[in-house]
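Written out below as structure tokens is the structure these notes cover.
The values are calculated or read from the model by the stated rules, or taken from the named source; none is laboratory data. Quick caveat, the model's predicted, so the values are computed rather than measured. Cβ atoms come from the backbone with ideal geometry, glycine included; neighbour counts cover every protein chain shown.
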Amino acid sequence: MAKKRAATRRGTGKPSKMRMLIVEARYYDAIADKLLKGARGVLDEAGVEYDVVTVPGALEIPAAIAIACDTASYAGAVALGCVIEGETYHFEVVSNESARGLMELALHERLAIGNGILTVDTEAQALERLGGAHGHKGAEAARAALHMARLKRDLS
């Protein structure tokens, strides 16, 4: 069940009317913590208000974004999660369907979404993408969502 975190942080930079949503999947807690920290850092620096909603896994992220955007006004959303390949086909289903769900929301609902769902072979690969050799995907997803939200605002 998706739950809204009680301790919602607000941006501390320049005032902004923009409000963003972060949806995080907590299947891998340590990875989720780092993804969230990176996304929050970018949004705090930009002075953007945001809410954080938690879901069990990556497959639930698109539905949580759709539900949240039906009930509140968000300029965009940041999707955070991790899918690590196992021994079954489940990895492909979760990876592909979560990405498809986010793309459908972006295209059909015109939502500005930053996809920070890691799809990796190992936990070590995930950690390399959280401030290591491959950058910080939580921060990159927040930057992408902000960019698309600003683009939508500027073209409106």
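Taking the residues in the stretch 77-97 that are β-branched (Val, Ile, Thr) and not in a helix (DSSP H, G or I) as candidates, determine which candidate is farthest from Val55 (Cα to Cα).
Top of the filtered list is Thr88.
Here are some residues: Leu43, Leu111, Leu107. Which one is surrounded by fewer than 22 Cβ atoms within 10 Å (Cβ to Cβ) and within 18 Å of Ala141 (Cα to Cα)?
Of Leu43, Leu111, Leu107, the one residue that is surrounded by fewer than 22 Cβ atoms within 10 Å (Cβ to Cβ) and within 18 Å of Ala141 (Cα to Cα) is Leu107.
Residue-wise test of (1) in contact with a Lys or Arg (Cβ under 6 Å, 6 or more places away or on another chain); (2) part of a helix (DSSP H, G or I); (3) under 21 Å from Tyr28 (Cβ atoms); (4) modelled with pLDDT of 95 or more.
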{"site": "Ala99", "(1), (2), (3), (4)": "no, yes, yes, yes"}
{"site": "Glu104", "(1), (2), (3), (4)": "no, yes, no, yes"}
{"site": "Arg110", "(1), (2), (3), (4)": "no, no, no, no"}
{"site": "Ile117", "(1), (2), (3), (4)": "no, no, yes, yes"}
{"site": "Leu127", "(1), (2), (3), (4)": "no, yes, yes, no"}
{"site": "Glu140", "(1), (2), (3), (4)": "no, yes, yes, yes"}
{"site": "Ala144", "(1), (2), (3), (4)": "no, yes, no, yes"}
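Scan the stretch 115-130 residue by residue and report those that are more than 19 Å from Leu105 (Cα to Cα) and in contact with a Ser or Thr (Cβ under 8 Å, 6 or more places away or on another chain).
Once the filter is applied, which keeps residues that are more than 19 Å from Leu105 (Cα to Cα) and in contact with a Ser or Thr (Cβ under 8 Å, 6 or more places away or on another chain), the stretch 115-130 yields only Thr119.
Quick check, is Cys69 without any contact (Cβ under 8 Å) to a residue 60 or more places away in the chain and either among the charged types (D, E, K, R) or not in a strand (DSSP E or B) (or both)?
Yes, satisfied.
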